[in-house]
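Colleague: I'd like to ask some things about the structure below.
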Protein chains: 2
Amino acid sequence: MPSNNSELLSIETCGTTSEDPISSDAGMSSEEDEKIVKKEILKEVLGKKIATYESIPKREHHEKFLRECMEIILKDAVFQGTSRDSKVLEWHDPVELFKIFDFSLRDKASSHDDLKKILKDTIQYSVKTGHPYFVNQLFSCLDPYGLVGQWLTDSLNASVYTYEVSPIFSLMEEVVLREMRVLVGFPDGKGDGIFAPGGSIANGYAIHCARHKLNPNVKENGIHSLPRLVLYTSEDAHYSVKKLASFMGLGTNNVYTVKTDDRGRMSIEHLREQIQKTLSEGALPFLVCATAGTTVLGALDPLEKIANICEEYKIWMHVDAAWGGGCLMSEKHRHLLKGIHRADSVIWNPHKLLTIPQQCSTLLLRHEGLLSAANSANAAYLFQKDKFYDTQYDIGDKHIQCGRRVDVLKFWFTWKAKGTTGFQRHVDKSFDNANFFLENIKNRDDFKLVIEQPELTNICFWYIPPSLRGCENDPDYHQNLHKIAPKIKERMMKDGSMMVSYQAQRELPNFFRIVFQSSALNHSDMLHIIQTFERLGKDL
Amino acid sequence: MPSNNSELLSIETCGTTSEDPISSDAGMSSEEDEKIVKKEILKEVLGKKIATYESIPKREHHEKFLRECMEIILKDAVFQGTSRDSKVLEWHDPVELFKIFDFSLRDKASSHDDLKKILKDTIQYSVKTGHPYFVNQLFSCLDPYGLVGQWLTDSLNASVYTYEVSPIFSLMEEVVLREMRVLVGFPDGKGDGIFAPGGSIANGYAIHCARHKLNPNVKENGIHSLPRLVLYTSEDAHYSVKKLASFMGLGTNNVYTVKTDDRGRMSIEHLREQIQKTLSEGALPFLVCATAGTTVLGALDPLEKIANICEEYKIWMHVDAAWGGGCLMSEKHRHLLKGIHRADSVIWNPHKLLTIPQQCSTLLLRHEGLLSAANSANAAYLFQKDKFYDTQYDIGDKHIQCGRRVDVLKFWFTWKAKGTTGFQRHVDKSFDNANFFLENIKNRDDFKLVIEQPELTNICFWYIPPSLRGCENDPDYHQNLHKIAPKIKERMMKDGSMMVSYQAQRELPNFFRIVFQSSALNHSDMLHIIQTFERLGKDL
């Protein structure tokens, strides 16, 4: 049998199968039908199944295929991809990857066998973000319960806008958001909230609500009707604040950045100066975005002091706790976010410290009704006023999105699985790991800390290779040190051993930032990571 | 054995298991360890597994559980949920649902058995959007190949911002977006594009790009530095245009709505009038948002004529083809979007007509570099300039999002599976169904069409119950007819037989809008749907 028979076949049958009684009345001619029958016979001989075009799973055609795909996913992605015995990635640069992976889209359908091969290849060439040594971002891990939540989310393929279409998920969002507000410390968990597609857009929602509270006419008339608005955030805050300020018509120049102290925390004195400067310019201070867990250093802005300033000047207090919010689950560490209960709005991404699958991002508000007031459009085709049920759970109109993927189930299901105590142990173990790692590199001469006493589980450090040790006073020391991190990063990517991110910040040359948020890591892993740096950098 | 033993157990073991060698070094005291061992013995006796708190799947603890969950999902959600023999939903109002479904979150961990029960309940009380008779929204279906794409997406849990973290998906996005631009008709498929979290935000991106092209200073200085900006869209356009105009600081009043003709298409004359009005006010026309497939009527704005006007006045032409874009896959129906190639930007949601799982939404641009120019922030911790590879595929900085879930794989995988010809047959069959349905209700006295010649697969109609037939001239006819659709909708929800949406529009009383985008439907289903209306409405 020539090897290209299956391809030939798939060109011609193109998605219709004999097991499929429904296809026959799809409006085709009998001549077409006959053709298909012929091809079906050939196909039966070859024993190949070809993808169908109909948008429905059929037991006789898809059950075996779906099970086989799930076997591949379980074996290659879920278990092997998270095993210490496997690599974090198999590196290929873009030019190579275009050659070895068949990205091309074609006219004809594929066989199920080809699709399984594609599935395997996709896993092979993807980074295993659930691998214990993927400590590169503020997200990582492949939580088994979160994963089940995702699989079910996909299989129900809902959109959360009306109770009628999403009964379970509409109520589930209300329950989860209320519990989160309780943890933030809003009185009785009252207020409002939404799931947003990521922390950046959630920050935008906070800006939007603050602006609306200032003057609700802004909804109709735009910011042209207001004086120039200014918001404040630290120089170490997430870049999304500026991105969203631009997207929302305010302009990046109207984000006044506030200096940070030696641990990366917002300077209260400089915040006050910036507010005074704004007032002297005749512009209007309207929002302070404090950060509870900066992206690089993991710094915690002084929330109580910022709340005092916000009260004094009657400015909206927003806390970007996308990263640090998870600490609220831990009795031991929730004190780190002291003062967060005084915020007008908080963003908290459970997909970060709590390792809920991508994406799970929330905005929590002290104010009731503001999201609706700012966003509602009362579209007649979705939010009918003459429905037969109580429409208070038709929550879609609070959002700027219309169709919206369900992000609550994976979080709720994981919370149900582990309980609050499970999240607490997870958070506590992440801190324990970070502390163990810190203590272990503190007194070594090949590691130097950027921040001696980090506040969260980000540990920032330089690896000092033998050639640079003791050369701190050389004029080109910084310049040479700057080149070390990219070199080590290249080596770890190419041997696939681990992934740790690096960056320069202000006058500081490139340093590594490792992020501990995996409760699958143990002290022995900390030592392994240290040894890997040593191995990768010892000849530099 | 008392029935609450497992609960007692789960309170105390709270997530640690004897199969779990790693837990022992999680920083616990030996006393705590001892307690756990005792509970483990008890647990072994009971044969119950309790959820672990660690954020990693472990073969010995999770493999069986994951398989069992997948069995439930396959059986209840994937196959039973899409079967004509099952109900579309099991209706309960919010008060009841709060009683019968255990939404509560607790301190303690749950057993795997409890979690499987939760999974089953979640499926039971969710609407089956993949059911053939869920014809309620501009999305539906549970595509088997899209579903595999989702499951794999979840299992790789990536974020598409840098090539380093998402090599496959970064390149895959480029390939898919280019193919889509080719279908739109941009010369050589050139231009730019992104995946966005839904059509609403994608519309916002178009506004953002248009504004930036007008004057790039808007990025830094905001719209305060510009004259009042006005954009245009039809009165039947999606409400997100106004929502985003508000979010982006322009204000809903600066969206000038353009009247539609008797089929719901934008009036060119009125568009011109509105532009002239703007100019006479000293404001600046900057964007026309044409719609290729309005939400309710499925109308197609006259794209060629709008393109002429945009050229004449030098206004950005945006086409919201979220719904109609899928027609571009069909040789037979792509002519409906004639003129779309002249747009500056297009949004197209493959999760609508092409039934890719939620969400899959794209913005396609004729202009290269504009997204980067408008959005880039060059965050040092992600987009390092000294990386060891070519960073042209570090595409994250084009977005306002930072972390971003992978939405491309499910689309690419389905395209790979079905081929372009598969999508074509899918689209053609949807039109064939719509046409068959239309022809069948046309001459019946219990159905009356809102639009005699719909352009897409939305069919809008009134069901006229026996009591109202022949009463068209009664003074309270409209008022009575207005009450029929909510009543029938209530009945179909309560018996779970199907879901079709209704709405009023302008002076028109409540009418049904049925949307055909499932290629799993056949002519016999059309007749079944008609009969169901008859059955539900015959005594009204």
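Colleague: Hey, among A:448, A:416, which residue is outside any helix (DSSP H, G or I) and modelled with pLDDT of 95 or more? Steps first, answer last, please.
Modeller: Working: A:416 fails: outside any helix (DSSP H, G or I).
Going through A:448, A:416 in turn, just one is outside any helix (DSSP H, G or I) and modelled with pLDDT of 95 or more: A:448.
Colleague: Open to solvent by 10 Å² or more (accessible area, probe 1.4 Å), within 21 Å of residue B:210 (Cα to Cα) and within 13 Å of chain A (Cβ to nearest Cβ): does that describe residue B:295?
Modeller: no
Colleague: Sticking with this one: Can you say whether residue B:124 is part of a helix (DSSP H, G or I), in contact (Cβ under 8 Å) with a residue 40 or more places away in the chain, more than 22 Å from residue B:495 (Cα to Cα) and not hydrophobic (A, V, I, L, M, F, W, C), as far as the supplied structure shows? Reasoning before the result, please.
Modeller: Working: part of a helix (DSSP H, G or I): yes; in contact (Cβ under 8 Å) with a residue 40 or more places away in the chain: yes; more than 22 Å from residue B:495 (Cα to Cα): no; not hydrophobic (A, V, I, L, M, F, W, C): yes.
The answer is no for residue B:124.
Colleague: While we're looking at this one, here's another question. Name the residues in segment A:310-339 that are closer than 13 Å to residue A:203 by Cα and not hydrophobic (A, V, I, L, M, F, W, C), would you?
Modeller: A:318, A:320
Colleague: Determine whether segment A:495-515 contains at least one residue that is assigned to a helix (DSSP H, G or I), farther than 30 Å from residue A:424 by Cβ and more than 8 Å from chain B (Cβ to nearest Cβ).
Modeller: Within segment A:495-515, the first condition is being assigned to a helix (DSSP H, G or I), and the residues that meet it are A:495.
Narrowing further to those that are farther than 30 Å from residue A:424 by Cβ: A:495.
Filter again for more than 8 Å from chain B (Cβ to nearest Cβ), leaving A:495.
For segment A:495-515, residues assigned to a helix (DSSP H, G or I), farther than 30 Å from residue A:424 by Cβ and more than 8 Å from chain B (Cβ to nearest Cβ): present.
Colleague: Within the bounds of segment A:224-239, is there any residue that is in a helix (DSSP H, G or I), modelled with pLDDT of 95 or more and open to solvent by less than 10 Å² (accessible area, probe 1.4 Å)?
Modeller: Within segment A:224-239, not a single residue is in a helix (DSSP H, G or I), modelled with pLDDT of 95 or more and open to solvent by less than 10 Å² (accessible area, probe 1.4 Å).
Colleague: A follow-up question, please. What about residue A:346, is it in contact (Cβ under 8 Å) with a residue 60 or more places away in the chain, more than 14 Å from chain B (Cβ to nearest Cβ) and not in a helix (DSSP H, G or I)?
Modeller: yes
Colleague: On to the next question. Of the residues A:116, A:58, A:128, A:75, only one is of a type outside the set (Ser, Thr, Tyr) and open to solvent by 50 Å² or more (accessible area, probe 1.4 Å); which? Steps first, answer last, please.
Modeller: Working: A:116 fails: open to solvent by 50 Å² or more (accessible area, probe 1.4 Å); A:58 fails: open to solvent by 50 Å² or more (accessible area, probe 1.4 Å); A:128 fails: open to solvent by 50 Å² or more (accessible area, probe 1.4 Å).
Just a single option satisfies the conditions, and that option is A:75.
Colleague: Filter segment A:93-113 for residues that are part of a loop (DSSP other than H, G, I, E, B), open to solvent by 40 Å² or more (accessible area, probe 1.4 Å) and not polar (S, T, N, Q) and give the result.
Modeller: A:93, A:102, A:106, A:107
Colleague: Tally up the residues in segment A:504-529 that are surrounded by fewer than 16 Cβ atoms within 10 Å (Cβ to Cβ) and within 13 Å of residue A:84 (Cα to Cα), please. Before the answer, list the steps.
Modeller: Quick first cut of segment A:504-529, residues surrounded by fewer than 16 Cβ atoms within 10 Å (Cβ to Cβ) only: A:506-508, A:523-524, A:527.
Filter again for within 13 Å of residue A:84 (Cα to Cα), leaving A:524.
Residues in segment A:504-529 being surrounded by fewer than 16 Cβ atoms within 10 Å (Cβ to Cβ) and within 13 Å of residue A:84 (Cα to Cα): 1 in total.
Colleague: Would you confirm whether or not segment B:437-450 contains a residue that is of a type outside the set (A, V, I, L, M) and buried (at least 24 other Cβ atoms within 10 Å of the Cβ)?
Modeller: Yes, some residue in segment B:437-450 is of a type outside the set (A, V, I, L, M) and buried (at least 24 other Cβ atoms within 10 Å of the Cβ).
Colleague: Looking at residue A:200 and the list (1) open to solvent by 10 Å² or more (accessible area, probe 1.4 Å); (2) farther than 21 Å from residue A:368 by Cα; (3) assigned to a helix (DSSP H, G or I), which single condition is not satisfied?
Modeller: All conditions are met except number (1).
Colleague: Tell me which of these residue A:219 doesn't satisfy, since it passes every other one: (1) part of a helix (DSSP H, G or I); (2) touching a strand residue (DSSP E or B) at 6+ places or on another chain (Cβ under 7 Å); (3) of a type outside the set (A, V, I, L, M).
Modeller: Of the numbered conditions (1) part of a helix (DSSP H, G or I); (2) touching a strand residue (DSSP E or B) at 6+ places or on another chain (Cβ under 7 Å); (3) of a type outside the set (A, V, I, L, M), the odd one out for residue A:219 is (2).
Colleague: Moving to a separate point now. Is it true that residue A:273 is modelled with pLDDT of 95 or more, open to solvent by 60 Å² or more (accessible area, probe 1.4 Å) and within 13 Å of chain B (Cβ to nearest Cβ)?
Modeller: no
Colleague: Criterion first (touching a residue at least 24 places away in the same chain (Cβ under 8 Å), among the hydroxyl-bearing types (Ser, Thr, Tyr) and within 7 Å of chain B (Cβ to nearest Cβ)) does residue A:140 satisfy it?
Modeller: No, not satisfied.
Colleague: Give all pairs with beta carbons closer than 7 Å in which a residue from segment B:421-445 that is within 14 Å of another protein chain (Cβ to nearest Cβ) meets a residue that is basic (Lys, Arg) and in a loop (DSSP other than H, G, I, E, B); count only pairs at least 6 apart in sequence or on separate chains.
Modeller: Filtered contacts from segment B:421-445: B:421/A:108; B:428/B:332.
Colleague: Can you name the residue in segment A:373-387 that is at the interface with chain B (Cβ under 8 Å from one of its Cβ atoms) and of a type in the set (D, E, K, R) and is also nearest to the chain's Cα centre (by Cα) among such residues?
Modeller: A:387
Colleague: Might you check whether a residue that is more than 12 Å from chain A (Cβ to nearest Cβ) and part of a helix (DSSP H, G or I) occurs anywhere in segment B:388-397?
Modeller: No - not one qualifying residue is present in segment B:388-397.
Colleague: Sticking with this one: Within segment A:349-369, work out how many residues are farther than 20 Å from residue A:310 by Cα, touching a Ser or Thr at 6+ places or on another chain (Cβ under 6 Å) and not in a loop (DSSP other than H, G, I, E, B).
Modeller: Count: 0.
Colleague: How about segment A:176-196: which of its residues are open to solvent by 10 Å² or more (accessible area, probe 1.4 Å) and β-branched (Val, Ile, Thr)? First the steps, then the outcome.
Modeller: Quick first cut of segment A:176-196, residues open to solvent by 10 Å² or more (accessible area, probe 1.4 Å) only: A:178-179, A:181-183, A:185, A:187-188, A:190-192.
Answer for segment A:176-196, where residues must be open to solvent by 10 Å² or more (accessible area, probe 1.4 Å) and β-branched (Val, Ile, Thr): just A:182.
Colleague: Filter segment B:78-88 for residues that are part of a loop (DSSP other than H, G, I, E, B) and open to solvent by less than 10 Å² (accessible area, probe 1.4 Å) and give the result. Don't jump to the end; show me each part of the working.
Modeller: Initial filter on segment B:78-88 (part of a loop (DSSP other than H, G, I, E, B)): B:83-88.
Of everything in segment B:78-88, just one residue is part of a loop (DSSP other than H, G, I, E, B) and open to solvent by less than 10 Å² (accessible area, probe 1.4 Å), namely B:88.
Colleague: Can you spot a residue in segment A:371-384 that is within 19 Å of residue A:178 (Cα to Cα) and either surrounded by fewer than 24 Cβ atoms within 10 Å (Cβ to Cβ) or not small (Gly, Ala, Ser) (or both)?
Modeller: Yes, segment A:371-384 contains a residue that is within 19 Å of residue A:178 (Cα to Cα) and either surrounded by fewer than 24 Cβ atoms within 10 Å (Cβ to Cβ) or not small (Gly, Ala, Ser) (or both).
Colleague: Continuing with this model, one more query. Here are A:425, A:491: which of them is surrounded by fewer than 21 Cβ atoms within 10 Å (Cβ to Cβ) and of a type in the set (Lys, Arg)?
Modeller: On the way: A:425 fails: surrounded by fewer than 21 Cβ atoms within 10 Å (Cβ to Cβ).
Selected residue: A:491, the only one of A:425, A:491 that is surrounded by fewer than 21 Cβ atoms within 10 Å (Cβ to Cβ) and of a type in the set (Lys, Arg).
Colleague: If you take the residues in segment A:146-160 that are in a helix (DSSP H, G or I) and either among the β-branched types (Val, Ile, Thr) or free of Cβ contacts under 8 Å to residues at least 12 places away in the same chain (or both), which one is surrounded by the most Cβ atoms within 10 Å (Cβ to Cβ)?
Modeller: Residues of segment A:146-160 in a helix (DSSP H, G or I): A:146-156.
From the residues that got through so far, the ones that are either among the β-branched types (Val, Ile, Thr) or free of Cβ contacts under 8 Å to residues at least 12 places away in the same chain (or both) too are A:148, A:151, A:153-155.
Numbers: A:148: 30, A:151: 27, A:153: 24, A:154: 26, A:155: 26.
Only one residue tops the list, namely A:148.
Colleague: Looking at (1) of a type in the set (Phe, Trp, Tyr); (2) open to solvent by less than 10 Å² (accessible area, probe 1.4 Å); (3) more than 7 Å from chain B (Cβ to nearest Cβ), can you tell me which one residue A:163 breaks?
Modeller: (3)
The values are calculated or read from the model by the stated rules, or taken from the named source; none is laboratory data. Everything numeric in this text was worked out from a predicted model, so none of it was measured. Heads up, the Cβs are rebuilt from the backbone with ideal geometry, glycines too, and the neighbour counts pull from every protein chain shown. For accessibility, only protein heavy atoms count, side chains too; no ligands or nucleic acids. Shrake-Rupley method; radii C 1.70, N 1.55, O 1.52, S 1.80 Å.
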